[in-house]
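The values are calculated or read from the model by the stated rules, or taken from the named source; none is laboratory data. All figures in this text were calculated on a predicted structure; none of them were measured in a lab. In this analysis, Cβ positions are derived from the backbone assuming ideal geometry, glycine residues included, and neighbour counts consider all displayed protein chains.
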Amino acid sequence: MSLRDLFKSYQEPSRTQRLYESVVAQARIPDFYRRWGVPDTLDGRFEMIALHLFLVLHRLKGGDAESAAMAQELHDLFFSDMDQSLREMGAGDLGVGKRVKRMATGFYGRVAAYDEGLGAEDDRLEAALRRNLYGTAMPEALVIAAMAAYMRREAAALAARDTRSLVEGNLVFGAPAGGPCHPTGS
């Protein structure tokens, strides 16, 4: 740490940064990995961030101009964070762009699948979670149903909130409520 670092003025995180930090904090709750069976891997963590970011973007969708601007800022921050994370993990400059592009394509696919699943009365959300969030893991139907119920509960809670609080950077998700115990205990 340099002397200049000691005297830097503290900058309050932007509202977008606060909102994104809330998304990431929720996605990192250990119970999702230990009890809900989400793979505790780089892909699993990306999936959890994508899932929670989807919930926020889903709520901001169709709002006013400020909501649309916040949604775009969150989207940009997410991909900037993914880019930075890949670089910190040692990905070369030439490969980062291609990886981020693949991540973006995957994210847009998840957004479409989760959006369709939330709006359906059938098991489309569960199928999207099995395919994306759990990937190659083979969780029991009970685990997937519990995650779908969690998503629906959080989407409903966000829908009940005024978008103004989100635009101001205020976000609190509900607890994962323990969730089902994943049989492998992972």
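Pairs are defined by a Cβ separation below 7 Å, a sequence spacing of at least 6 or placement on different chains, a first member in segment 120-137 that is over 16 Å from W36 (Cα atoms), and a second member that is surrounded by fewer than 17 Cβ atoms within 10 Å (Cβ to Cβ); the pairs so defined are R124/E116.
Here segment 105-139 is the region considered, the condition is being closer than 28 Å to R153 by Cβ and modelled with pLDDT under 90, and the residue that is nearest to the chain's Cα centre (by Cα) is G106.
Looking for whichever is at pLDDT 95 or above and within 16 Å of L74 (Cβ to Cβ) here; the options are L166, L158, L171. Which one fits?
After ruling out the rest, the residue left standing is L158.
Applying the set (1) at pLDDT below 95; (2) more than 21 Å from R164 (Cα to Cα) to M48 leaves exactly one unmet item: (1). Contact annotation: residue pairs with Cβ atoms under 6 Å, 6 or more positions apart or on different chains, pairing a residue in segment 95-117 that is more than 14 Å from F46 (Cβ to Cβ) with a partner that is at pLDDT 80 or above, are A113/A128; Y114/F54; Y114/A128; E116/R124; G117/R124; G117/L125; G117/A128. One residue stands out in segment 130-154 among those that are among the aliphatic types (A, V, I, L, M) and surrounded by fewer than 19 Cβ atoms within 10 Å (Cβ to Cβ): the one that is nearest to A65 (Cα to Cα), namely A149. For segment 30-79, enumerate the residues that are on the phi > 0 side of the Ramachandran plot and free of Cβ contacts under 8 Å to residues at least 60 places away in the same chain. Matches in segment 30-79: G62 only.
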